[in-house]
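S.K.: Structure incoming, see below.
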Amino acid sequence: MKSYQKRAVYRARLYLQRGAKIMRLLFVVLLVASTLLGRVPSVFAATVRFAPLPMENKETVLSRFRPLTEFLAQRLQIDIEYVYADDYAELLENFRKSKVDIAYLGPLPYVELRAAYAEAEPLVFFKESSNAVTYTCALVTFPGNDFDVRHGRYQKIALTQPLSTCGYLSTNGLLRNSNNSLEDNNYRYVGTHDEVALSVIRGEFAAGGLKTAVARKYAHLGLFVLMETPPLPAFALIVNTRTMPPDLIAAIKEALLELDLTHSGQGQQIPWNDVIGNGIVEAHDSDYQVIRDLLGSARIQQKGNF
Amino acid sequence: MARFNGRFTGPLTLTIILLVLAVSAVALLHHLRLVKEENYFSRQDNQLRLAYQASLQSYELAMEGFYASTINRDDVASLFADGARFDGYARAVARGQLYRLLHSDYNLMKSYNLLQLHFHLADGTSFLRFHKPEKYGDPLAGIRPSVEIVNREHRPITGFEMGKVSPGFRHVFPISWDGRHIGSVEVSVTTKAISDAMHRLDPSKEYAFLLSKKRIEPFLFKDQQWLYSTSALDSAYIIEDANPLLPDSPQPLSAAATVITQKLANNKHIQAAFDQGRSLTVKADVQQRPYVISFLPVFDVTNQLAAYLVAYKEDDAPVLFWQEALIYILSSLFALGFIGFLLQNLRQHALALNKERGNLQTINDTLAEGLIVLNTAGIIQHCNPAACKILGYAAFDLVGKSLRQRMMYLGEYPEQGQTVVSFHERVSQGLTYDGEIVCTNTVEGEYIIDVASRPIRKDGEISGSVVAFHDISTRKKTEAALVASEEEARKLFAAVEQSRSSIIITNLQGHIEYVNPVFTEITGYSSAEAIGESPRMLKSGTMDRAFYARMWQTLAAGREWKGEIHNRRKNGEMYWAFASIAPVRNKDGVVSHYIAIKEDITERKHMEKELREKELIQRTLISNLPVGLIIIDELTRTIEHVNPVATAMFGTSPEDIEGHCCHLFLCASEPGNCPILDLQQQVDNSERVIVNKQGVKIPVLKTVTRISIQGKKKLIECFVDIRQRVEVEERLKLSNVQLQQEQARAEDLARKAETANRSKSMFLANMSHEIRTPLNAIIGYAQLLNMDASLEGSQLEQIQTINRCADHLLELINNILEISKIEAGSITQKKEAMAFARLFTDIRAIFHLSCMRRNLQLTLACAGIEQVEFSVDRGKVRQVIMNLIANSIKFTGQGGIAVTAAVVSVKAGAHMISVDVRDTGVGVPPAERKNLFLPFEQTSSGKNVQQGTGLGLSISRAYARSMGGDLQLVKSTPGQETVFRFTFIAEQIEGSALRYDGDAFSGSDGVPLSQRPYRMLIVDDDAVSSRLWQKRFAGAGFEVQAVSNGEAALFIFERFTPDVVLMDILLPAMDGYETTRKIRQLSGGERVKIIVVTATGINYEEIQQKAAAEAIDDYFCKPFKVDDLIKRVQQLCTGREEDSLARPRGEEYEPSRQFKTLAAQLPSVTRSKLRSAIEGGDIDGFTVLVDAEQSCSDPLRDYLKYLGQRYEYDALLQLLAVDAAHRP
């Protein structure tokens, strides 16, 4: 390794360590401030506010989550209101400000949220189409994009969002496995997994990091997976125990865990889909230890570097 | 006319004809309206079709253009051919490359509303959807006929078609490469795009597509199906994204269109049109607004009905058609009605004319009036039977004869003969004539007739005359006799009417036939009310029956009856009348009426009665008076009357007194010396003693005066027994003596109480002094301990507690002393010049930091009077305002305090000044307001904060009242507003202007405090000192940052932007001087205040030189009082003292340079006196001297008193040193 590379690596580590300290301090301050100053609603709202995934276009969001929300609304006789967010940061902020009662989150956003907001609690995991309670992230490219995962520098890389598990965290991890890193390349956040895939196909980026399942969706367009992470905890429903009464949380959990998915959309106007149709299992905070280990003292950049 | 009387002219027939005509007209007009509406709806159908086609054509052009310029290229076809030719990953890459190649063009295409771009392989398999890139490889055969046709026939196809994602209007082009057909590509616009285009063509309409359920639902992708919902209009149709669910969904149908859709559900006309696949336009009303709804069938490329395009438009044309038809119908009905009315009217007129003719003939024949019709020659043309009778001729003997012959005219009555020819001449000339004329005939001789003649005109020409007349001879004779009789009756009537007595005439049955006006005056009954009634209506009921029987007996005998009778008026009043009733006889001597003449004698009766009553009262009065009374004849001096009291007092009977000389009983004077009769006094008022017959002496008060009784002069003598009064007077004299003795004793007690009060004040003064002396030691040592930097936090807190308690005790003692002064009434006024601008500036400086520390806004305003000087007790005004502000700060958690001063009234040169102090604090509960101003009373809030003595408000109110004003709680709303109003009277100093050389007072807008606390940067490597300073300055309201070296100070300076830097000199690496120099070079470094802190042992001169060189604002040498450092920093921050470098601060107290300068300006004699008072421990005397010193400025006076109250003797002595001239 050349000297300037060592210096860069050293500097990156230093920044990551400092960043982690600042983040921890920030989280503690936010936690204390939100505990002391936050206005805690004393009565559960008649409408449950649900935050879907901010990583997909809104049409997809609606089509994916309507079976779930409609099922809960019918089963528990509650109203569910969608609270859209443009990105994870906004979603987590909404959650911390008690504007969201329940959210569909990937593992990294949950870990970040939990670190700053102890009232966030995982409820259930949604199984992937592989019937696993895990999923993987991938580094993808397109033929002719001239992406060198090992030696390439200053290559354009598309990422989803800072707080996306398949964003900076996993992509940088995959690059580091090849003795490369995001900081040695040019990366930018483009928002959604689909947009990462399509922007790579369009040649706007040499490579991109996204959920493997989404990358597979665009394989027919020539997108191919260069590398894939180990299994990560699946997406989960995260409840806000500050705004949700315990009995309602228990009722939701029970309804989802007891759901018999062998009968396609029983009583449902909308059939089960990839969100809910693959199965549901109980989730615990300890399931996320792998993410916490992966995150370690790493400092996730909130903005792209070009 | 005969037709009107016929059977076909009856009202029933006429009505039937008119009704038939009306019904026909209404039916015709209704039909016309329907035809018109149908034509209009047909036009709407055509308009919708044209708009749809125009929209499609515009898109067709765009699609063809896009195909020609973008798709139909070799590179595109080549890539597509690769994709079609290859398999597996090679196909995928070709697909991806095609996506990459056309993506930017597709984005451009979307901007033209061409929303779908879809490549298909030749076998009808989907190859690449740009609008759904993740969907591919699905077969389109059987679903997309257009794709099948294009790939079969290799020709472009255009038309509406369903799809797996969404329906739309498609243009499908074949693609070939190397002469070989390889597949097709379609460019589509969605129904939303078509609707948008149509809306742009006609913005007044809303559009919706109803899609045939059976033509689309089976083919949709599964994840697209939820977007479609069944139409409310017809369940065989569905609507795309009707809810709308997507964030970028089109605008949903308006509420009106939604309601219309629901109203038209299952409409049979629409259902029939849908079944037949034809267009239709219907109308509907929503909330009384008319709408026209058009349905246009949309056929797909195989000419199958695929959808209906629906257009909603608010359109009042059908309403206008209906209104137009209604107007026509009403007009027609009105015209028919009017014609019928005219016909009916004509018929009725004809019938009435015939009837009138018959009536006229009958009248003519039966008329008592003679009637003759003459021609212009005066020949009789017609006459009625009455004319024949009056003129004495048969009809045949009159008709054809001259009127002159048959009516022998003698002249006009009564001036017979004077106008002999006038009647016949006027008649023959066709002129009118009215009058009475005298004629004669051969049978009856002369007779008088009343005649009237009128000309008969025909076509404007006179064709004859008609003469009407009747015989009035008999009537004329009767009238003459009657006139003579009436004259005689009128005279008699006048006499009766003008009589002063009431006159009533009754008939034999007793009914009144006449009453004269006097009757009405007396009784109240009008003539109309009385006539016909019986005189019994006047009966009072007080006279017995025998009275009336006697009266009627007299009248029945034909005699006149006279007597007094008690009657009742109409209003119920009684009255007396003297009545004379006599029978009236006719010419035959038979009694026909009775006439009664009555005179009202009520007044006379009343007078008689009153006279009798007065006499009775006088007698009763004299007999029952509680005083003795006698009446003496002046001439004979004998007693004429004596009342029972006098008789009792004399102890004898009236008989023994009356008739005797008065001198024997009453008069103590010698005979011939009567004060009235002999000495000519008008009244004799004197106390006398009567010795009655039993020898008892009775003291009396006697009053004698003259009176006249029935023209004779008398003396009336009254005397009262005053034995009881004499006795009371004696007792009163005794009480007076006792009262004087009690008064003397009370005055003695008051003197003793005053002495005791003075003793209490003396005691309080002495005790307070005795308490103050040890307190001085407590405060002094506590301050010394407080300055000890080696103390730990808990020890420091204990020392500060001692300090606070001592302060509180001192305040309590001072206030008790003040209260004792007030109670002793020894408040004195010391008038001085006072200007509000200066006063408020000082107050602002005093409370500035307190408010800042509590984040409160302090505003002081004195609009209009800031430049005016008043003569008033300045110290008291200042103290009251400061008390109120201090209270407000104490009880206000957030918000602020506003002080407003204003002159509220001016009277005779004296100004009533009002100072309002309002805050947003906790306020005063209503239950505690009553005792708010009582000494030692504290509100519950005051008790909670455990501050104050409970004397401030009572002292302040006493001060205010001593200045002619008051202090009141005006209002208090907890948490919102509490207002105290302090008023006082002050005199304006004529011609004075504000002499003010201090900080500029901002005037009427008040002085807002900075919202941001002052920021202090502490640079010290000694952690203990640094922590101590941080704690103390933070406690004083500063925002503090601390660093331990110069580099850190430079790093943080621009980020923290401090207002003041506390700089240690001995720092590691970069010392304090260098750090200061570098700070001065930073942005904002030139304005920051820098105070250098040094350790002891440093050479002062060196520090002074360095400080001047490095632009250091001030410096302190350790150890020093932290309070002094805080004060100095506060002064630098607030700019209250701009003199920069003072001497180094050491252990001794160092007063500020400003006060030293002011103190040095005091006369040396004064300073000596003040020092003597301090050295003698006489703080009261010291305070009096300070108050009395005219040359002492207010700030210095406050400062000296403050030090005195704090027992800062050393500081005072230093400040007032005789040689204490200020040395710069």
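S.K.: Give the residues of the stretch B:89-114 that are more than 10 Å from chain A (Cβ to nearest Cβ) and more than 15 Å from B:ILE71 (Cα to Cα), sorted by residue number.
M.R.: Result: B:SER111, B:TYR112, B:ASN113.
S.K.: Please verify whether B:ILE449 is assigned to a strand (DSSP E or B), outside the structural domain of B:VAL590 (by TED's automatic domain parsing) and in contact (Cβ under 8 Å) with a residue 12 or more places away in the chain, treating the condition exactly as stated.
M.R.: It is true that B:ILE449 is assigned to a strand (DSSP E or B), outside the structural domain of B:VAL590 (by TED's automatic domain parsing) and in contact (Cβ under 8 Å) with a residue 12 or more places away in the chain.
S.K.: May I pose another question? Failed condition for B:LEU233, given (1) surrounded by 23 or more Cβ atoms within 10 Å (Cβ to Cβ); (2) part of a helix (DSSP H, G or I), with all others met?
M.R.: Answer for B:LEU233: the failing condition is (2).
S.K.: Further question: Could you tell me which of the residues B:GLY378, B:GLY358, B:GLY337, B:GLY400 is surrounded by 15 or more Cβ atoms within 10 Å (Cβ to Cβ) and of a type in the set (Gly, Ala, Ser)?
M.R.: None of the others qualify; the one that does is B:GLY378.
S.K.: Then there is this: Could you list, in sequence order, the residues of the stretch A:86-106 that are within 16 Å of A:LEU237 (Cβ to Cβ) and either polar (S, T, N, Q) or at pLDDT 90 or above (or both)?
M.R.: Correct list: A:LEU91, A:LEU92, A:ASN94, A:PHE95, A:VAL100, A:ASP101, A:ILE102, A:ALA103, A:TYR104, A:LEU105.
S.K.: In addition: Which condition breaks for B:ALA81 when tested against (1) within 14 Å of chain A (Cβ to nearest Cβ); (2) buried (at least 19 other Cβ atoms within 10 Å of the Cβ); (3) modelled with pLDDT of 90 or more?
M.R.: So the condition that B:ALA81 fails would be (1).
S.K.: Could you say which residue among B:GLY558, B:GLY563, B:GLY572 is at pLDDT 85 or above, in a strand (DSSP E or B) and not aliphatic (A, V, I, L, M)?
M.R.: Answer to the selection: B:GLY563.
S.K.: While we're on this one: Checking the conditions here, which among B:ARG1167, B:ARG1171, B:ARG1143 is at pLDDT below 60 and basic (Lys, Arg)? Let's see the steps before the verdict.
M.R.: Working: B:ARG1167 fails: at pLDDT below 60; B:ARG1171 fails: at pLDDT below 60.
On inspection, the qualifying residue turns out to be B:ARG1143.
S.K.: Another question about this same structure. Please state which of the following conditions B:LEU320 fails to meet, knowing it meets all the rest: (1) among the aliphatic types (A, V, I, L, M); (2) out of contact with any helix residue (DSSP H, G or I) (no Cβ under 7 Å at 6 or more places or on another chain); (3) in a strand (DSSP E or B).
M.R.: So B:LEU320 meets the others, but not (3).
S.K.: Additional query: Given the conditions (1) among the hydroxyl-bearing types (Ser, Thr, Tyr); (2) surrounded by fewer than 21 Cβ atoms within 10 Å (Cβ to Cβ); (3) touching a residue at least 24 places away in the same chain (Cβ under 8 Å), which single one is not true for B:SER104?
M.R.: B:SER104 satisfies every listed condition except (3).
S.K.: Right, something else. Testing A:THR141 on (1) under 25 Å from A:TYR84 (Cα atoms); (2) polar (S, T, N, Q); (3) within 13 Å of chain B (Cβ to nearest Cβ), one condition comes back false. Which one is that?
M.R.: (1)
S.K.: Of everything in the stretch A:254-306 that's farther than 22 Å from A:VAL214 by Cβ, assigned to a loop (DSSP other than H, G, I, E, B) and among the acidic types (Asp, Glu), which residue is modelled with the lowest pLDDT?
M.R.: The residue in question is A:ASP260.
S.K.: Another question, then. When you scan the stretch B:855-865, do you find a residue that is in a loop (DSSP other than H, G, I, E, B), surrounded by fewer than 21 Cβ atoms within 10 Å (Cβ to Cβ) and touching a Phe, Trp or Tyr at 6+ places or on another chain (Cβ under 9 Å), even just one?
M.R.: yes
S.K.: Give the residues of the stretch B:278-320 that are surrounded by fewer than 20 Cβ atoms within 10 Å (Cβ to Cβ) and among the hydrophobic types (A, V, I, L, M, F, W, C), sorted by residue number.
M.R.: Selection gives B:VAL282, B:ALA284, B:VAL286, B:PHE299, B:LEU305, B:ALA317, B:VAL319, B:LEU320.
S.K.: Take A:PHE147 and tell me if it is assigned to a loop (DSSP other than H, G, I, E, B), within 14 Å of chain B (Cβ to nearest Cβ) and closer than 29 Å to A:SER297 by Cβ.
M.R.: It is false that A:PHE147 is assigned to a loop (DSSP other than H, G, I, E, B), within 14 Å of chain B (Cβ to nearest Cβ) and closer than 29 Å to A:SER297 by Cβ.
S.K.: Right, another one. I need the strands (runs of 3 or more DSSP E) fully contained in the stretch B:591-666, keeping only those with at least 3 residues that are at pLDDT 85 or above and not assigned by TED's automatic domain parsing to the domain that holds B:LYS713.
M.R.: Strands (runs of 3 or more DSSP E) meeting the threshold: B:591-600.
S.K.: So is B:ARG981 assigned by TED's automatic domain parsing to the domain that holds B:ILE843 and modelled with pLDDT of 70 or more or not?
M.R.: yes
S.K.: I've got another one for you. For a quick check of your reading: which strands (runs of 3 or more DSSP E) sit entirely within the stretch B:333-423 and have at least 2 residues that are within 30 Å of B:GLU479 (Cα to Cα)?
M.R.: On the way: elements: B:370-375, B:380-383, B:408-412.
Once the strands (runs of 3 or more DSSP E) in the stretch B:333-423 are filtered for at least 2 residues that are within 30 Å of B:GLU479 (Cα to Cα), what remains is B:370-375, B:408-412.
S.K.: Would you mind finding the one in B:PHE66, B:PHE130, B:PHE86 that is within 12 Å of chain A (Cβ to nearest Cβ) and either within 60 Å of the chain's Cα centre (by Cα) or within 19 Å of B:ALA193 (Cβ to Cβ) (or both)?
M.R.: On inspection, the qualifying residue turns out to be B:PHE130.
S.K.: Please tell me if B:LEU18 is over 30 Å from B:MET198 (Cα atoms), in contact (Cβ under 8 Å) with a residue 60 or more places away in the chain and within 60 Å of the chain's Cα centre (by Cα). Reasoning before the result, please.
M.R.: Working: over 30 Å from B:MET198 (Cα atoms): yes; in contact (Cβ under 8 Å) with a residue 60 or more places away in the chain: yes; within 60 Å of the chain's Cα centre (by Cα): no.
Against the criterion (over 30 Å from B:MET198 (Cα atoms), in contact (Cβ under 8 Å) with a residue 60 or more places away in the chain and within 60 Å of the chain's Cα centre (by Cα)), B:LEU18 does not qualify.
S.K.: Among what's in the stretch A:233-248 and is touching a Leu at 6+ places or on another chain (Cβ under 8 Å) and under 23 Å from A:GLN289 (Cα atoms), pick the residue that is nearest to the other protein chains (Cβ to nearest Cβ).
M.R.: Residue satisfying both the conditions and the ranking: A:PHE235.
S.K.: Mind checking which residues of the stretch B:458-478 are under 18 Å from B:ALA387 (Cα atoms) and in a strand (DSSP E or B)?
M.R.: B:GLY464, B:SER465, B:VAL466, B:VAL467, B:ALA468, B:PHE469, B:HIS470, B:ASP471
S.K.: Sort out which residues of the stretch B:366-403 are under 20 Å from B:ILE472 (Cα atoms) and either of a type in the set (D, E, K, R) or free of Cβ contacts under 8 Å to residues at least 24 places away in the same chain (or both), and write them in order of number.
M.R.: B:THR366, B:LEU367, B:GLU369, B:CYS383, B:ASN384, B:PRO385, B:CYS388, B:LYS389, B:TYR393
S.K.: Follow-up. Sort out which residues of the stretch B:675-725 are charged (D, E, K, R) and more than 13 Å from B:ASP633 (Cα to Cα), and write them in order of number. First the steps, then the outcome.
M.R.: At the first step, the residues of the stretch B:675-725 found to be charged (D, E, K, R) are B:678, B:684, B:687-688, B:693, B:697, B:702, B:706, B:712-714, B:717, B:721, B:723, B:725.
B:ASP678, B:ASP684, B:GLU687, B:ARG688, B:LYS693, B:LYS697, B:LYS702, B:ASP721, B:ARG723, B:ARG725 - these are the residues of the stretch B:675-725 that are charged (D, E, K, R) and more than 13 Å from B:ASP633 (Cα to Cα).
S.K.: Looking only at the stretch A:47-74, filter to residues that are buried (at least 17 other Cβ atoms within 10 Å of the Cβ) and more than 14 Å from chain B (Cβ to nearest Cβ); which one of those is modelled with the lowest pLDDT?
M.R.: Among residues in the stretch A:47-74 that are buried (at least 17 other Cβ atoms within 10 Å of the Cβ) and more than 14 Å from chain B (Cβ to nearest Cβ), the one modelled with the lowest pLDDT is A:MET55.
S.K.: What strands (runs of 3 or more DSSP E), lying completely within the stretch A:48-131, carry at least 3 residues that are farther than 20 Å from A:GLY167 by Cα?
M.R.: Result: A:79-82, A:120-126.
S.K.: For the stretch B:129-173: of the residues being part of a helix (DSSP H, G or I) and not hydrophobic (A, V, I, L, M, F, W, C), which is surrounded by the most Cβ atoms within 10 Å (Cβ to Cβ)?
M.R.: First, pick out the residues of the stretch B:129-173 that are part of a helix (DSSP H, G or I): B:145-153.
Still in the running and not hydrophobic (A, V, I, L, M, F, W, C): B:145-146, B:148, B:151-153.
Working: B:PRO145: 19, B:SER146: 25, B:GLU148: 20, B:ASN151: 22, B:ARG152: 12, B:GLU153: 10.
Going through the qualifying residues, I end up with B:SER146.
The values are calculated or read from the model by the stated rules, or taken from the named source; none is laboratory data. Since we're looking at a predicted model, the values are computed, not measured. In this analysis, Cβ positions are derived from the backbone assuming ideal geometry, glycine residues included, and neighbour counts consider all displayed protein chains.
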